[in-house]
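Here the structure is laid out as structure tokens; the discussion comes afterwards.
The values are calculated or read from the model by the stated rules, or taken from the named source; none is laboratory data. These figures come from a predicted structure and were not determined experimentally. Cβ placement follows ideal geometry from the backbone for every residue including glycine, while neighbour counts extend to all protein chains displayed. Please note that ligands, DNA and RNA were not included when accessible areas were found on the heavy atoms of the full protein model with its side chains. Shrake-Rupley method; radii C 1.70, N 1.55, O 1.52, S 1.80 Å.
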Amino acid sequence: MHSLASGSFAFLLLIFLQFGTHTAEGVWPLPQKLLSFSERYPLDPHTLYFAYGRESAAQEACSVLDAAFKRYFNLIFPDNTSGYGILPFSENKPFIVEVTVGHSDCDGYPKEGSSEKYKLNVSGGRAFLKAETVWGALRGLETFSQLVYQDDYDIYYVNKTDIEDFPRFQFRGMMLDTSRHYLPLQIILKTLDAMAYNKFNVFHWHIVDDPSFPYQSLAFPDLSKKGAFHPMTHIYTQSDVRRVISYARMRGIRVIPEFDSPGHTRSWGRGQPDLLTPCYSGNTPSGTVGPVNPALSSTYKFMWTLLKEVTSVFPDSYIHLGGDEVNFSCWKSNPDIGMFMQKMGFGTDFAKLESFYIENIVNITSALKKTSIVWQDVFDNHKQHSSLSVVEVWKAGCYLCKMRKVTKAGLRVILAAPWYLDQPHKWASYYSVWPLAFKGTEEQKKLVIGGEACMWGEYVDATNLTPRLWLRASATAERLWSDENQTLSVDMALPRLNEFRCRLLRRGIQAEPLDVGHCKYEYQGI
């Protein structure tokens, strides 16, 4: 099999220049090893077939791949019903995309450690896709769909190509905030589609926060009834959540919910009395509330019941517990909290009180057999790190310094700090991030499991989410998937990203333009 050695990107570019633009130029994110030839094969929607290889562990009735074959057929031939791209009958030859997987995990969920490695060979008028899992096969099908192009006569072609591919990082996430603005179900599903096109594999659902509590809990229905923007129209029912999880599964995407506490919980208090701390002005209550009250045993009974429900609804082994931006002023004002602090021997160190709360919530999560993710604030304020598992680094400044410290403590890390998409940065700044560029041992760097692009919702709703996400999130996607040495140059990435944008537009993803220019299909779906 022909392949490019790591770091031979200049040779790859030479191939592109020699054989013109109709090669693998538009593949995004860039495969690890790729060789493209000028030889090409015509494709016809009447004679292209997806098939399982004889030795494939998955065969017909594999839910994930059967659905993917139909989905990718329509993505490859979006206009086949109109008659475009149909070759003369004499030239119609069957083109078979043969898919072989080593493990039949058709009915499971993608999880931590699931292999996404695949090999794709297009030659002799056929395509052979081999992967260890169905999730790897999905990534290969996405790549194959991006290899297909149309000539000036609207005839479809694919070039002879050899690809060996796998992700650089196992955790490649996208975070959406559905509390500050409610995002309708359809826009979430559309985002999951675009995530699959970019080979993201984790949807971090920041589902609740201070402004609203849209998650409809069976155990505590008042949380959404009183805490959502509207108790009927601005909630996610259990059925909605199941649909998101199922839709994501079919695209090889994990769904990790975040229930952030003890701060960012103002909406929780509307439907759960006595959960939040009463704030005091002098010796009398001020009528306002602060973070979750960590001094009451009822708090932990409530959190156990809520998290037990959440962990039963969301099948992934991870859950995000938040723990960021806890304001201590309300705790400091409350005399009952002060008495509890003295009883526990915390003195006036409210970071110890926060740690006490987080420790209890992490223990609940562990008892429910889930791995917890926390924001870096917990690591910063937590003297004992033994109970922590995964830390998400989000604060600006020297985030690489923080990653060094977290990994030195033996904890896994997710990097988010340079990929806050609500910030008005251009795609190139998100592209020019080097997650492992901190001083540390190889063992430390292995603890960086990946990163995620975060879209906070203060100024984002369904009207502007998609263009704000794409293509800037695509920059993060390639940084987390591709070989760093082959993707050093913003200038070399730009033509592929422009090509990819046109493909996204044709697929109904309204990605904003990178620069002056046009796409043939730029007004579709508007």
Helix 490-506 against the longest principal axis of the chain: what's the angle in degrees, Cα atoms only, rounded to the nearest 10? 90 degrees
Report the antiparallel proportion of the DSSP beta bridges in the chain as a percent, rounded to a multiple of 5. 35 percent
Tell me which cysteines of the chain come out unpaired when the rule is another cysteine's Cβ under 4.7 Å. C454
Residues with beta-carbon under 15 Å from that of A61, excluding A61: net charge, scoring Lys, Arg +1 and Asp, Glu -1? -3
Using only alpha carbon pairs under 8 Å that are at least six residues apart, calculate the relative contact order of the stretch 397-525 and give it in whole percent. 25 percent
Just need the relative contact order of the chain here, percent rounded to a whole number, with Cα pairs under 8 Å and 6+ apart. 15 percent
Pull up all non-local amide H partners of M175: gap of 5 or more, or a different chain, and H-to-H distance under 5 Å with H placed in the peptide plane. H204, A453, C454, M455
Please determine, in degrees from 0 to 90 and to the nearest 10, the orientation of helix 335-344 with respect to the longest principal axis defined by the Cα atoms of the chain, where the helix direction is its Cα long axis. 80 degrees
In whole Å, how far is the Cα centre of the stretch 91-139 from that of the stretch 157-220? 22 Å
Which cross-chain or sequence-distant (5 or more) residues have an amide H under 5 Å from the amide H of E132, H modelled 1.01 Å from N in plane? G102, K117
The chain: projected area of the alpha-carbon convex hull, averaged over directions, in nm²: 25.6 nm²
For the stretch 357-400, what is the accessible area per residue in Å², given a 1.4 Å probe and the full set of protein chains? 40 Å²
Peptide ranges 452-459, 316-323, 510-517, 431-438 listed from the most packed, as the mean C-beta count within 10 angstrom indicates: 316-323, 452-459, 431-438, 510-517
With each pseudo-label sitting 7 Å past Cα toward Cβ, what's the E325-Q238 distance in nm, one decimal? 3.2 nm
With a cut-off of at most 14 other beta carbons within 10 Å, and DSSP calling the residue loop, which trypsin sites (Lys or Arg not before Pro) in the stretch 418-526 qualify? Please list them. K426, K439, K520
Low-density loop cleavage sites - GluC sites (Glu not before Pro) in the stretch 276-362, where at most 15 other Cβ are within 10 Å (DSSP): E325
Can you list the residues, at least 5 places off or on another chain, whose amide H is less than 5 Å from the amide H of Y236, using H built in the peptide plane? Y215, Q216
How long is the gain from Q150 to S389 if the chain were fully straight, where each residue apart is worth 0.36 nm and the alpha carbon distance is subtracted? 81.2 nm
Counting only backbone N atoms under 19 Å from a point 7 Å out along Cα-to-Cβ of Q423, the residues of the stretch 170-186 in range are 173-177
Roughly speaking, to the nearest percent, how much of the chain's 1.4 Å accessible area is carbon and sulfur? 53 percent
Cβ-Cβ cut-off under 11 Å around L447, Lys and Arg +1, Asp and Glu -1: the net charge is +3
Separation of the Y459 and K308 label points, Cα + 7 Å toward Cβ, nm: 4.4 nm
Against the longest alpha carbon principal axis of the chain, how many degrees, from 0 to 90 and to the nearest 10, is the axis of helix 297-313 turned? 10 degrees
Net charge of Cβ neighbours under 12 Å - reference K408; Lys, Arg +1; Asp, Glu -1: +4
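As a test of the formula, what do you get for the chain when each DSSP H run with n ≥ 4 contributes -39,500 (n - 2.57) and the sum is divided by the residue count, at 222 nm and rounded to the nearest 500 deg cm²/dmol?
-10500 deg cm²/dmol
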